[in-house]
Amino acid sequence: MPAAPLKTRERLSEVRYEIRGELARRARELEVQGRTLIKLNIGNPGAFGFRAPAHLQRAIVDGIDQTDPYTHQQGLPEAREAVAAHYKARGTPHVTPERVFIGNGVSELIDLSLRALLNPGDEVLLPSPDYPLWSAATILNDGRPVYYRCLPSNGFLPDPDEIEALVSSRTRAIVLINPNNPTGANYPRELIERIVAIAERHGLLLLCDEIYDAILYDDAAFQPIAPLAGDVPCLSFSGLSKVHRACGWRVGWAVLSGDPMRVGAFHHAMDLLGALRLCANVPGQFAVQAALQGDDTIGALCAPGGRLHEARRAVVDAVAASPHLALVTPDAALYAFPSVVGEAAEGFDDHRFALELLESEDVLVVPGSSFNVPYRNHFRVTLLPPPEQLREVFERIDRVLDRMAGA
Ligand code: PLP
């Protein structure tokens, strides 16, 4: 008798990560057949010709002969000191190197933090749209995602009254992704203050994914959450992947702030879970100090004339010229999240559109519903390609939408 197929974890059926899912697999098949695709599905700077700054590369090369041993589970002391100093300088309260955790990217730390926090059935308030790892990690750590809406009609900003109305006796944390992936929204101070007050009133942890904290356009200013949170427990995440264009090095950090009496047990849980996986990739940790104490290299890319600024302008202009598209202009981060409007929007299905765009125009985008929204008329592109390539992409998108509109 043939052996039964292996069973897998049941709750995986609730988990989706379509940024690298079915469409990406189809794209790979087309590439194997010899097609040349423009792949806008992943915010992967290195894939679009961006390099990590030379002083970060040098820090790894200079440190390489010291990278053989495991480090402490929370990370290399020099790296943690640099992170602590950086967060202290921006006004984060109660920060010491002991409260810094270095991980294999923010991804690993998101998972660790939810594993440290949740018991079965606990609820986590998540933005909709979200970066889908947050939903996945909540589910796989036995939690329940409860979504608060960030609607395009409100510039993709959340409504604090709605967040508070969703708090239940099972709620443990509020996740904020600011600046936001996929929308590019950048939250103003007053909004953050209101959300901090909700966390304070209900005894919740603030999980602040700030991985795009220095990728800002025009006059956008980043407001870190922890400095406004005072004694409210807060875990702030960032890393080398985006601002420092070093995704492949797999280095992220999380900084714990808030009243020591309230965060002690959580700190211990994070430390224990960190110890179980021994330590983060060591060579990459050698670049953290250089990244946080060296020259700012992202500012010029986001300023007028800079590659990201001009890419964003190309997208904004292309959407303005399209009869089929609308866009909340992204203030920050590496993405645009346009919607389909007008005749093409009738009966529109974001997955069908993305598949058609891939098959007929060799362009890969991510359907909006992959980001845990109930509507199906958005899609996400990354702003990483050169502006001229983005202009070409939007011509191809318009061609598909023309056909869908029956024009
Ligand atoms: N958080 C957000 C909002 C992201 O967009 C990403 C990656 O795209 C991550 C976390 C994961 O980043 P890392 O490369 O540090 O694991």
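Only the coordinates and a few stated rules stand behind these numbers; no lab work does. No experiment lies behind these values; they were computed from the predicted model shown. Cβ placement follows ideal geometry from the backbone for every residue including glycine, while neighbour counts extend to all protein chains displayed.
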- How do 311-320, 269-278, 189-198 rank on mean C-beta neighbours within 10 Å, highest first? 311-320, 189-198, 269-278
- Which percent, to the nearest 5, of DSSP beta bridges fully inside segment 71-293 are antiparallel? 40
- Query: By how many nm would the segment from residue 343 to residue 268 lengthen if fully extended, with 0.36 nm per residue of separation less the alpha-carbon distance?
  - Reply: 21.4 nm
- Query: Using Cα atoms only, what is the angle between the long axis of helix 189-202 and the major principal axis of the chain, expressed in degrees (0 to 90) to the nearest 10?
  - Reply: 60
- Computed from the beta carbon distance with a Förster radius of 41 Å, FRET efficiency for residue 88 and residue 276 to the nearest 0.05 stands at 0.90
- Which FRET efficiency, nearest 0.05, do residue 221 and residue 32 yield, Cβ-Cβ r, R0 45 Å? 0.50
- Note on the structure: The size of the Cβ-based charge dipole (Lys, Arg +1; Asp, Glu -1) of the chain about the Cα centre, to the nearest 20 debye, is 740
- Message: Positive end of the dipole of segment 285-401, charges at C-beta (+1 Lys, Arg; -1 Asp, Glu), about the Cα centre: which of 383, 363, 345 has its Cα farthest in that direction?
- Response: 383
- Message: Please compute the modelled spin-label separation between residue 316 and residue 14, points set 7 Å along Cα→Cβ, answer in nm with one decimal.
- Response: 4.0
- Output ordering of 58-64, 211-217 (per-residue mean of other Cβ within 10 Å, highest first) is 211-217, 58-64
- Message: How big is the dipole moment of segment 343-407 about its Cα centre under a simple scheme where the beta carbon of each Lys and Arg is +1, that of each Asp and Glu is -1, and everything else is neutral? Debye, nearest 20, please.
- Response: 220
- Given only helices, namely DSSP H runs of n ≥ 4 each adding -39500 (n - 2.57), what is the per-residue ellipticity at 222 nm of the chain, to the nearest 500 deg cm²/dmol? -11500 deg cm²/dmol
- residue 96-residue 161 pseudo-label distance in nm [points 7 Å out on the Cα-to-Cβ vector]: 4.3
- Item | Anisotropy class of segment 227-287 from Cα gyration tensor, a/c 1.5 cut | oblate
- Using 1/(1 + (r/R0)^6) with R0 = 35 angstrom and r between the beta carbons of residue 193 and residue 142, what's the FRET efficiency to the nearest 0.05? 0.65
- Note on the structure: Going residue by residue through segment 144-160, the Karplus relation 6.51 cos²θ - 1.76 cosθ + 1.60 with θ = phi - 60° gives ³J(HN,Hα) values, rounded to whole Hz and with x marking Gly or Pro, of 10, x, 10, 9, 9, 8, 10, 8, x, 5, 10, x, 6, 8, x, 9, x
- Multiply the residue gap between residue 329 and residue 151 by 0.36 nm, knock off their C-alpha separation, and tell me the result in nm, one decimal place. 62.7 nm
